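Visitor: This is the structure I want to talk about, given as structure tokens.
The values are calculated or read from the model by the stated rules, or taken from the named source; none is laboratory data. Keep in mind that what you see is a predicted model, and the values were worked out from it rather than measured. Neighbour counts are summed over all protein chains in view; Cβ atoms, including those assigned to glycine, are modelled from backbone coordinates with ideal geometry. Heads up: the accessible areas ignore ligands, DNA and RNA and are worked out on the full protein's heavy atoms, side chains in. Shrake-Rupley method; radii C 1.70, N 1.55, O 1.52, S 1.80 Å.
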Amino acid sequence: MNKVYGTAAEALDGLLRDGMFIAAGGFGLCGIPELLLAAIKEAGTKDLTFASNNAGVDDFGIGILLQTRQVRKMISSYVGENAEFMRQYLSGELELEFNPQGTLAERMRAGGAGIPGFYTKTGVGTVVAEGKPHMDFDGQSYVMERGIVADLAIVKAWKADATGNAVFRKTARNFNVPAATCGKVCVMEVEEIVETGSLDPDHIHLPGIYVHRIIEGTHEKRIEQRTVRQRETA
């Protein structure tokens, strides 16, 4: 089975539809599936729900789909650097489901593992837990969270072979792996496709069994923030 496609548009062909649920990898601006997001923008698919750690910035990541009003709902843990996101949310144009960062990662991982729900202490006693089932374990209260199963997962890896065995680079690994596993179909973009068998099995972060389609491409390297410290004087 050939998993390698020539372009992002080709890799998404037949998979996109209005109103679908997409899990997207990336951590901050690292490991964002930017080529696939651009292809979704060009396809014009709308009324989308995205589960993603963050919503990118105004002109990068999921932010480009917010600009074109293609996103209906975000399931995220951090959205602080996207002015258009904030504008749409405050005006009631965009639905938002906030999740603690670890809870969101575990919801994706659980969905990928076939676990429909789990209990966590995170969020108990806050608005995050409102309306959700609670249960006590060993005298402590826990809130139930549902596992996430998305129609489509889009992720970005550093290296992969043609079967989809993938290696992610540093913090890009944080959400790409659970996002990839929770999609009914997973499309992955990579910086480099290497010869099958050349990756050390002990270094593979995502087995190819989870990946259905792959593209190779050139990616933009963005720095999310830079902190400058004043030099101390005597």
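Visitor: Between the range 19-76 and the range 191-214, how many Å separate their Cα centres?
Guide: 24 Å
Visitor: What net charge do the residues around Val79 carry, taking every other residue with its C-beta under 13 Å from that of Val79, with Lys and Arg at +1 and Asp and Glu at -1?
Guide: Result for the local shell: -3.
Visitor: Report the local net charge at Thr7: Lys and Arg +1, Asp and Glu -1, summed over other residues whose C-beta lies under 13 Å from its C-beta.
Guide: -4
Visitor: Tell me the per residue accessible area of the range 94-193 using a 1.4 Å probe; a whole number in Å² is fine. Working shown, then result.
Guide: On the way: 4460 Å² over 100 residues.
Ligands and nucleic acids excluded, the figure is 45 Å² per residue.
Visitor: Right, another one. How about the range 134-228: which trypsin sites (Lys or Arg not before Pro) there are in a DSSP loop, with at most 11 other Cβ atoms within 10 Å of their Cβ?
Guide: Loop-located and lightly packed - Lys221, Arg226.
Visitor: Can you tell me how the range 53-165 classifies by the Cα gyration tensor, rounded, prolate or oblate, using a/c under 1.5 as the rounded cut?
Guide: Oblate, since a/c reaches 1.5 and b/c is not below a/b.
Visitor: When the chain is treated as a GNM, springs tying every alpha-carbon pair under 10 Å, which of Glu106, Glu192, Glu216 comes out with the largest mean-square fluctuation?
Guide: Highest fluctuation of the listed residues: Glu192.
Visitor: Given the options Ala160, Ala113, Ala51, state which has the largest fluctuation in a GNM of the chain using a 10 Å cut-off (strictly under) for Cα springs.
Guide: The residue with the greatest mean-square fluctuation here is Ala113.
Visitor: At 222 nm, what helix-only mean residue ellipticity would the chain give, in deg cm²/dmol to the nearest 500, using -39500 (n - 2.57) for each DSSP H run of four or more?
Guide: -6000 deg cm²/dmol
Visitor: Using the heavy atoms of the protein chains and a 1.4 angstrom probe, tell me the accessible area per residue for the range 7-75 in square angstrom.
Guide: In whole numbers, the range 7-75 has 34 Å² accessible per residue.
Visitor: Who wins for biggest fluctuation among Met20, Met188, Met74 in a Gaussian network model of the chain, springs between alpha carbons below 10 Å?
Guide: Of Met20, Met188, Met74, the most mobile in the Gaussian network model is Met20.
Visitor: What percentage of the solvent-accessible surface of the chain, computed with a 1.4 Å probe over protein heavy atoms, is contributed by carbon and sulfur atoms?
Guide: Values: 5940 of 11950 Å².
About 50 percent, which is the carbon plus sulfur part of the accessible surface.
Visitor: Of the listed values (1) 28, 23, 21; (2) 44, 17, 15; (3) 37, 20, 14, identify the label whose number matches semi-axes √(5λ) of the Cα gyration tensor in Å calculated from this model.
Guide: Computed from the coordinates, semi-axes √(5λ) of the Cα gyration tensor in Å corresponds to (1).
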